[in-house]
Structure formats: structure tokens, C-alpha cells
Amino acid sequence: MIKRVLIAPLDWGLGHATRCIPLIRALQQRQCDIFIAGSGDAQVLLQEEFPSLTFLDLPGYQPEYSTGSMVWSMAKQLPKFVRVIRDEHELLERHVKQHNIDLVISDNRYGCWSAKVPSIFITHQSNILMPKRFGWLSPWVRRRNHALIRRFAQCWIPDVPGHDSLAGSLIAFGETSALKNVHYIGPQSRFTPSEKTETVFDVVCVFSGPEPQRSHFEKKVVDQVKASGLKYFIVRGLPSAREQQDDRNCVNFLKGEALQKVLEQSTCVIARSGFSTVMDLAALRRRAIFVPTPGQTEQEYLATRLMNQGVAYAQEQHRFDFASAWQESKKYSGFTALPASGALLQKALDVLFDAKGTMP
């Protein structure tokens, strides 16, 4: 019987943690005892949302996004990432044994699989896109990615298959993929739209992601927004920050309910085009201006895809000009709704629990 579940979200930004929130709630409804294993601000965010749960430590990846080549930056950090994957696996096995864990769910932590109990891997990047000049590496990267995912009993995709997907080519598998037990669980947002909302702010800025690019993003945007004369609100995306802000319309961090209220009170949202942010803004049916993290191919792809679909305007960070972005954004429809996903998460959980609380 599955009773004690360990969830381990990646600590690259906050998105992997936020999209685990609906999963945690669904497992709580099934009377599971939830353990959260993680690190950094992602861990802090979930502690704020679920203070009564048990939290366990895992080593942090602590990636650094340079202002130069992203591929070269990641390549230099690869030995560190390999060590973290090895260390998190060893520590996770100890957590499984010590706390009698029945099931492990890893959101993009490749080392968080167990040889003792079933493990599930959540990802929206079954197909990791490479920059054009490194396209020749794509087949090797895909094979390596799938080899790591095959250590898990199941792979869950937080999207829907086919034309209606939010992730597009990011969730392609390829004809030669050997991945099995893949389940689509539908887009996962912590937000449920309110029936009635009042517009208070012209623009809400939400900053996120690893340093130093998070700070570069904030510095590039904030002064322009404040000088525009529009009504604004700024969420810096720093759960661990303790310094007070002089501006009452600028906060370091907001918990889910408060953040949803601010987002729904906005005409437009400026944010990164990370997949979790895309899911949240789609759930709330917001209009957006996306500024992808420089060199992060996934975000650049999503921003371009949504712009080509007429959903949201996007600008590169180094060229960001709020005045022009504000005017251009009005030509785009904004998100109208999440893709119809029904009860895909509940169906995946039913399969997992075999409707009786036992693994099939």
C-alpha cells in the first residue's frame, strides 16, 4: 500500500516546486503522508505553502547563468551537476530507508530514484532543445536524457499530447525512443481562476530564476516600469530575502494565494517564459510579455512559439524596451484557457494506486 510519498523538486528557480503544489494537494486528498526533499529557495517556497509537512535536505545544484555562452557555462558546471546527481541519489536512498518511504516522485532530479521503492520522474523536456550551432549534439543529448529517465518506473509529462500542448517540441520523444510507462498528467498550475476580479494594476512584474540573470532581468525592467507612469506591482521572487522594500508595491516574495490575487488584478504580466510560469498564466488567462533567460533554449523556444501563435509578445532581455513592449503586447490575445486535460492527474494516480492504494 502506498502511504508515505517523498517528492523531490529541482532547485533551478521556483517553477519545479510550484508545479508540485497541485500534486501534493492531490496526494493529501488520498490521505498520503508527504515528505518534501529539496534545497534552496524552492524548498523555502514549499515550506511556506505547506508548513505542516516533513522537509528533508538534498544537495543543491546552484547553477550559475553566465552572461556569455549558456552551453559553455553549463558544460563547465557539468562535473558539479554529476556529483550532485550522485550525492542526491545516495542521500535519497537513506531518506527512503529512514522514513519508510513507499513512493518517490522526482521533478527533474535525475538522481532521485530508488532501488527499493517505485520512482516517478516528472519532466516537460523529454526533448532537450539545443542551440542551432550545437544541433549536431541533439541526438546524443536525447539518448542520454532518456537513459537517465529509464531508471524510473514511470515518466509523467505535465501537459497534454498533440497539437493542444503548451510545450510543443519540448515533449517530443522521437521514433527511436525506448521510454515506456509515459503518462500525460495535464498542465499543472497551483492556481484556480477566480470568478470575479477587479483590475488594480496595469502591469505586474514577476522575477525568477538563477543568478546572476534574475538580477539582470530585474534591473533591466524595474526602472522602466516605474518611469512609465502606469500602475505596477513587483514580485522579486526571493523567498529567502529578509530586507524590507521601501516601495509598498514591491515585495520579495508572495505565497500562492496572494500572488494569484495580484496576477488576477493585472492587465499584463512581465515574466520569464519558463514552462511553469506559462502554465500558471494560462490557468489564470493572463496577457503577458515574456523575456526569456538569455541562452536558455527552452524559454526562448516557448517565447517564440507563443508569439507565433499570437498569444503573448516577447522581447530579448538585452533589448528590452518597456514602452514598445507594452504597445506591442496589446496586439496579442493573451491566454484564453489551459488545454483541456480533464482529470489526467487523477487518472495517473488511479493507475499508480490501482484504485486500491496498491501499486499495479
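Laboratory data are not the source of any read-out in this text; all were calculated from the coordinates shown. Just so it is clear, the structure is predicted and the values come from calculations on it, not from any experiment. Cβ: placed from backbone, ideal geometry, glycine included. Neighbour counts: every protein chain shown.
Considering only Ile270, Ile120, Ile85, the Gaussian network model of the chain with Cα springs below 10 Å gives its largest mean-square fluctuation to Ile85. Annotation for Thr336 and Ser240: the two label points, set 7 Å from Cα along the Cα-Cβ direction, are 4.3 nm apart. With the highest mean first, a sort of the peptides 191-197, 233-239, 30-36 on other beta-carbon atoms found within 10 angstrom per residue produces 233-239, 30-36, 191-197. Calculate how steeply helix 275-284 sits against the longest principal axis of the alpha-carbon atoms of the chain, using the helix alpha-carbon long axis, and give the answer as 0 to 90 degrees to the nearest 10. Between helix and principal axis, roughly 70 degrees.
Our estimate of slack between Lys97 and Asp223, defined as 0.36 nm per intervening residue step minus the Cα-Cα distance, is 40.3 nm. Within the chain, all pairs of alpha-carbon atoms sorted by distance into 10 Å bins from zero give the percentages 5, 25, 35, 25, 9, 1. The 3J(HN,Hα) values that the Karplus relation (6.51, -1.76, 1.60; θ = phi - 60°) gives for the stretch 38-50 are, in residue order, x, 6, x, 5, 4, 5, 4, 4, 6, 5, 5, 7, 10 Hz. Gly and Pro appear as x. Note on Val351 and Ile85: the model spin-label points, each 7 Å out from Cα along the C-beta direction, lie 2.5 nm apart. If only the Cβ of Lys and Arg carry +1 and only the Cβ of Asp and Glu carry -1, the dipole of the chain around its Cα centre is close to 680 debye. Calculated FRET efficiency, Lys231 to Gln327, Cβ-Cβ distance, R0 = 25 Å: about 0.90 to the nearest 0.05. Looking only at Ser52, Ser106, Ser329, which one moves most when the chain is put into a Gaussian network model with springs between Cα atoms under 10 Å? In the Gaussian network model the winner is Ser52. Can you give me the Cα centroid spacing of the stretch 255-331 and the stretch 145-201 in angstrom? Cα centres, the stretch 255-331 to the stretch 145-201: 19 Å. Using C-alpha pairs below 8 Å separated by at least 6 residues, the relative contact order for the stretch 201-329 is 23 percent. Summing Lys and Arg as +1 and Asp and Glu as -1 over all other residues whose Cβ lies under 13 Å from the Cβ of Val84 gives a net charge of -1.
Relative to the longest principal axis of the Cα atoms of the chain, the long axis of helix 70-98 makes an angle of roughly 40 degrees.
Taken over the stretch 73-150, the alpha-carbon convex hull comes to 91 cubic angstrom per residue. Between Phe320 and Leu53, the simple label model (points 7 Å from Cα in the Cβ direction) yields a spacing of 3.0 nm. Springs between Cα atoms under 10 Å define the GNM used for the chain, and in it the highest mean-square fluctuation of Met279, Met307, Met74 occurs at Met74. For the chain, the relative contact order works out to 16 percent when only alpha carbon pairs closer than 8 Å and six or more residues apart are counted.
Provide the FRET efficiency to the nearest 0.05 for the Lys255-Lys76 pair, computing r from the beta carbons and using R0 = 35 Å. Walk me through the numbers on the way to the answer.
Values: r = 35 Å, r/R0 = 1.01.
The computed FRET efficiency comes out at 0.50.
A simple rule links phi to the HN-Hα coupling: the Karplus curve 6.51 cos²θ - 1.76 cosθ + 1.60 with θ = phi - 60°, which for the stretch 108-115 gives 6, 9, 5, x, 8, 10, 10, 7 Hz, with x for Gly and Pro.
If you line up the long axis of helix 297-308 against the longest principal axis of the chain, both from Cα atoms, how many degrees apart are they, to the nearest 10? Tilt relative to the chain: about 60 degrees.
Compute the projected area of the convex hull of the Cα atoms of the stretch 201-329, averaged over all viewing directions, and report it in nm² to one decimal place.
Values: hull surface 29.6 nm².
Its Cα hull, projected and averaged over all orientations, spans 7.4 nm².
Each Lys and Arg Cβ is given +1 and each Asp and Glu Cβ -1; about its Cα centre, the stretch 246-307 then shows a dipole of about 200 debye. If you wrap the Cα atoms of the stretch 22-181 in a convex hull and average its projected area over all directions, you get 11.0 nm².
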